[in-house]
Amino acid sequence: MDRKIALVACFAFGVVMFAQYFSAHPVAHQVNQAVLEYWQIIFAFALVLGVVGFCQTNVTQVRKGHDRPYRMAALAGFVAMPLLATFWGIKAGSPFLWMFENVQAPMQSTVFALLAFFVASASFRGFRARSVPATILLASALLILLSRTWIPGSMSNWLPDAADWIRNNPSMAARRAILIGIGLGSLTTSLRVIVGIERTWLGGGK
Amino acid sequence: MRLQTRHWVFASLFVLIAVVMASGIRLSVPVSPETQRMYDFIDSLPAGAVVLLSFDHEASSLPEIQPITRALLRHCFEHDLRPVGLALLAEGTAIGYRLMQTTAREYGKEYGIDYAYLGFKPQYVAAILSMGESISATFPQDYLGRPYDSLALLHGVENYDDVAAVLSIADGSFTTHWMEYGGRYGVPVIAGVTAAMVTTYDPYLASGQMQAMVGGLRGAAEYEKLLGRKGGGGARGMLAQSAAHLYVILLIILGNVAYFIKRRRSA
């Protein structure tokens, strides 16, 4: 019975939201606005679930002694940031913004920047012209990489032109094919969910 | 510990970037048609027009995002446009506020009159669609907790009909959502994106779903050149990026030379 209620609700919301897209009637706009507000409220509950899950996982692991220093640091940050925001606000010059700009942002940028070292290492060890397709890929990558340096500015136009040709022809054709595929797939899946053929979102089974 | 090849690769990259950054070399970058298109688009907007600036990125991409955003914001303020910031990713919230505040200060712009910041709204699809119906209902208060109606800049700004363009600053696919869902209301979408995302958005730029795009540190450096401004970080970042790219190219060539020598010997 509870599954039927979910399926009926899904069908009703799917059809109503689909129909209101084509309507300029004020009621359609009101329905749209109301549904969007509820959507955000439901999403906020998902955030609460994420917070609870984060706490539970880390507290359990700290008790077990797994990666204790790292997990305690994560929990300390998790508790500290909301407290700083609550008591001293989030304006310029606040401890919250100071922590964000001087601790969180540099740490995340550092971790992201480490990718450059792995790319350098991988390019030396793995990027080989083993076959014709691999050689074409390699040549394209070299051209694009070179075009994103200051060198094209001091050379003739052939390098930026060649890089632009790769971006605007083979690369874009592949991207468009992927996008069209994703679009058709999304449309099909949405229809299957609305009419109740696709039911895995209910937890599987018939 | 015995040093392996990868340790030398890592150390050389670190030394190279450190030396290049310390050298203070200034490079000239030619302006690409894409960057020129963005400059012309912003230039074509009437003075006083409201531009929604959406910070759809994480803190990790800040070194690349910051020069792009600063260059675009400088152009907006120079041209007397009125940017209204918001964030669809929580991490972009504080970054966006800070960037708008510091850049506005350069031009003596006043909060609430020349620019405003609405803050973060969860569930990006719902937020984009909801703003199409009513921005004030989506953001009843600004980032600092002031009521929407108390900001002079936002008087008469009810939905996308009152907005000249949406500028999405993104390191991921969020700009796509602006085009897909914001496009439903006919709002023009422009973007400042990380270099890795440029090819993702090329089809949208070619089809006209996106009006203009600035990509990566190179785009930021080009934009700084168009503005005739120095110190935005784009040219300096471009220097480090160029050195790293040339280093990677050298490694690829060396790796392939070693591979072919090895293959010939074993044949």
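Every read-out reported here was derived from the displayed coordinates using simple, explicitly stated rules and does not represent laboratory data. Just so it is clear, the structure is predicted and the values come from calculations on it, not from any experiment. Note that we place each Cβ from the backbone using ideal geometry, even for glycine, and neighbour counts take in every protein chain shown.
Which residue, chosen from B:Leu118, B:Pro30, B:Thr102, occupies the Cα position most advanced towards the positive end of the dipole of the stretch B:14-266, where the dipole is computed from +1 (Lys, Arg) and -1 (Asp, Glu) charges on Cβ about the Cα centre? Farthest along the dipole direction, towards plus: B:Pro30. Both the radius of gyration and Dmax for chain A are 26.0, 72 Å, in that order, over alpha-carbon atoms.
As a proxy for reagent exposure, A:Ile90, B:Ile65, B:Ile261 were ordered by neighbouring Cβ count within 10 angstrom, fewest first; the result is B:Ile261, A:Ile90, B:Ile65.
Within the shell defined by Cβ-Cβ distances under 13 Å, the residues around B:Tyr39 carry a net charge of -2, with Lys and Arg each +1 and Asp and Glu each -1. Rounded, prolate or oblate: which fits the stretch B:113-197, taking a ≥ b ≥ c as square roots of the Cα gyration tensor eigenvalues, rounded meaning a/c under 1.5, else prolate when a/b beats b/c? Because a/c hits 1.5 or more and a/b exceeds b/c, the stretch B:113-197 counts as prolate. The orientation-averaged projected area of the convex hull spanned by the Cα atoms of the stretch B:146-252 comes to 9.5 nm².
So, R0 is 51 Å and r is the distance between the beta-carbons of A:Asp2 and A:Leu179; what FRET efficiency does that work out to, to 0.05? It comes out at approximately 0.85. As a rough footprinting exposure proxy, the listed residues B:Ile68, B:Ile25, A:Ile5 were ranked by other beta carbons within 10 Å of their own, and the order from fewest upward is A:Ile5, B:Ile25, B:Ile68. Across peptide A:105-118, the average count of Cβ atoms from other chains found within 10 Å of a residue's Cβ is 5. Residue by residue, the stretch B:135-152 carries 3J(HN,Hα) couplings of 6, 5, 6, 6, 10, x, 10, 7, 4, 8, x, 7, x, 3, 6, 7, 8, 4 Hz when phi is fed to the Karplus relation 6.51 cos²θ - 1.76 cosθ + 1.60 (θ = phi - 60°); x denotes Gly or Pro. Between A:Val51 and A:Val35, the simple label model (points 7 Å from Cα in the Cβ direction) yields a spacing of 2.9 nm. Over the Cα atoms of chain B, the radius of gyration divided by the Kirkwood radius equals 1.07; this is the Rg/Rh ratio.
Of all DSSP-defined beta bridges confined to chain B, some 5% are antiparallel rather than parallel. Think of it as helices only: each DSSP H run of n ≥ 4 in chain A is worth -39500 (n - 2.57), and spread over all residues that comes to -25500 deg cm²/dmol at 222 nm. Of the residues A:Gln61, A:Ser131, A:Val48, the one whose Cα sits farthest towards the positive end of the charge dipole of the stretch A:47-206 is A:Gln61 (charges of +1 on Lys and Arg Cβ, -1 on Asp and Glu Cβ, taken about the Cα centre). Residue by residue, the stretch A:189-198 carries 3J(HN,Hα) couplings of 5, 4, 4, 5, 5, 4, 8, x, 6, 8 Hz when phi is fed to the Karplus relation 6.51 cos²θ - 1.76 cosθ + 1.60 (θ = phi - 60°); x denotes Gly or Pro. The string of couplings for the stretch B:86-91 from the Karplus curve (6.51, -1.76, 1.60, θ = phi - 60°) is 7, 9, 9, 10, 4, 5 Hz, one whole number per residue in order, with x for Gly and Pro.
Residues B:Asp56, A:Asp67, B:Asp161 in ascending order of nearby Cβ atoms (within 10 Å, fewest first): B:Asp161, A:Asp67, B:Asp56. Looking at the protein assembly as shown, the DSSP beta bridges with both ends there are about 5 percent antiparallel. The alpha carbon gyration tensor of the stretch A:97-206 gives principal lengths a ≥ b ≥ c with a/c of 1.5 or higher and a/b no greater than b/c, which makes the shape oblate. Taking square-rooted eigenvalues a ≥ b ≥ c of the alpha carbon gyration tensor, is the stretch B:16-175 rounded, prolate or oblate, where a/c under 1.5 means rounded and, failing that, a/b exceeding b/c means prolate? Since a/c reaches 1.5 and a/b is larger than b/c, the shape of the stretch B:16-175 is classed as prolate. Charge dipole of the protein assembly as shown (Cα centre as origin; +1 on each Lys and Arg Cβ, -1 on each Asp and Glu Cβ, all else neutral): 2560 debye, rounded to the nearest 20. Its Cα centre serving as origin, the stretch B:14-266 has a Cβ charge dipole (Lys and Arg +1, Asp and Glu -1) of approximately 1520 debye. Dividing the alpha-carbon radius of gyration of the protein assembly as shown by the rule-of-thumb value 2.2 N^0.38 Å gives 1.08. Summary of the geometry: the stretch B:1-58 and the stretch A:131-181, compared by the centres of their Cα atoms, lie 19 Å apart. Per q in 0.14 Å⁻¹, report the Debye log10 I(q)/I(0) for the stretch B:1-93, using one uniform scatterer on each alpha carbon and no solvent. Reported log10 I(q)/I(0), two decimals: -0.76.
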